[in-house]
Amino acid sequence: MANEKQFRLKTRFVATRGVKEYRATIPEWVRAEDVVLEIGCEWGTTTVLIAERCKRVIGTDISLECIERARRTHPGIRFEVLDAFDVRAALALGEDFSKVYIDMSGLSGYRSLLDVISLVTMYATVLRPEAVIIKSGALKHFAAHCVAWRPGG
Ligand SMILES: C[S@@+](CC[C@H](N)C(=O)[O-])C[C@H]1O[C@@H](n2cnc3c(N)ncnc32)[C@H](O)[C@@H]1O
């Protein structure tokens, strides 16, 4: 049976294809008052671009090697090791995130579409950000072909 609460989420999902589009969302979606979580930050290249426009950003990645390099290269930004599927660990970062950016390897093919939908829904439900911006060509394609049906519309 449908749970009505699941339809009350206000989070917007923004699907982009490729890193150029992923980064192009920053001027449109990141505001000065935002606290942003980036998941899959690698060496922090996008995290820096986000940092220039928001109050605070935390860059996270499953790879300790990436995080250590990001910390060395960008000492003014907070970077933490985080497995995207461990949403309790994301909560434990202790921030009230208003935007979540996700760019994770392994999520690019169409076969991973269900994983992508589960992941963005999980972050929307638990962290309740205003928006989740994700690099996923599969989700972008799917979203572009969805129609929210309205009677007579
Ligand atoms: C394409 S790179 C990210 C590039 C970066 N966002 C940028 O714009 O420069 C993908 C990253 O996803 C990370 N990753 C893969 N699986 C992950 C997971 N389960 N949780 C967090 N990060 C993950 C990889 O370690 C890798 O650094």
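Bear in mind these aren't lab numbers, they're just calculated from the coordinates by the rules spelled out. Bear in mind that the values here come from a model prediction, so they are computed numbers and not experimental data. Note: ideal-geometry Cβ built from the backbone for every residue, glycine included; neighbour counts use all protein chains shown.
Charge dipole of segment 4-144 (Cα centre as origin; +1 on each Lys and Arg Cβ, -1 on each Asp and Glu Cβ, all else neutral): 360 debye, rounded to the nearest 20.
Counting only DSSP beta bridges with both residues in the chain, the antiparallel share comes to about 0 percent. Mind listing the phi-derived Karplus ³J(HN,Hα) values for segment 76-92, rounded to whole Hz, using 6.51, -1.76 and 1.60 with θ = phi - 60°, and x for any glycine or proline? Running phi through 6.51 cos²θ - 1.76 cosθ + 1.60 with θ = phi - 60° gives x, 10, 7, 10, 9, 6, 7, 8, 3, 7, 9, 5, 5, 5, 5, 5, 5 Hz. For the Cα trace of segment 4-144, dividing Rg by the Kirkwood Rh returns an Rg/Rh value of 0.94. Shown in residue order for segment 43-60 are the 3J(HN,Hα) couplings computed by the Karplus curve 6.51 cos²θ - 1.76 cosθ + 1.60 at θ = phi - 60°: 8, x, 4, 6, 4, 4, 5, 5, 4, 5, 10, 10, 6, 8, 9, 10, x, 10 Hz (x for Gly and Pro).
Springs between alpha-carbon pairs under 10 angstrom, Gaussian network model over the chain: which of Phe79, Phe142, Phe97 fluctuates most? Highest fluctuation among the options: Phe142.
Using the Cβ-Cβ distance between Leu93 and Arg8 with R0 set to 25 Å, the FRET efficiency from 1/(1 + (r/R0)^6) comes to roughly 0.50.
Shown in residue order for segment 28-34 are the 3J(HN,Hα) couplings computed by the Karplus curve 6.51 cos²θ - 1.76 cosθ + 1.60 at θ = phi - 60°: 8, 10, 9, 10, 4, 8, 6 Hz (x for Gly and Pro).
Going by neighbour counts of Cβ atoms within 10 Å, the residues Ser112, Ser136 line up, fewest first, as Ser112, Ser136. Taking a span of 15 Å or more along the helix axis (Cα atoms) and a mean Kyte-Doolittle hydropathy of at least 0.0 as the rule, the DSSP H helices of the chain that qualify are 113-127.
Shown is the FRET efficiency for Val81 and Trp149, computed with R0 = 41 Å from the Cβ-Cβ distance and rounded to the nearest 0.05: 0.45.
Would you mind ranking Leu49, Leu107 so that the residue whose beta carbon has the fewest other beta carbons within 10 Å leads the list? Walk me through the numbers on the way to the answer.
Values: Leu49 17, Leu107 21.
By the 10 Å Cβ count, ascending: Leu49, Leu107.
Structure remark: mean-square fluctuation, Gaussian network model of the chain, C-alpha springs under 10 Å; the largest value among Ala131, Ala24, Ala51 belongs to Ala24.
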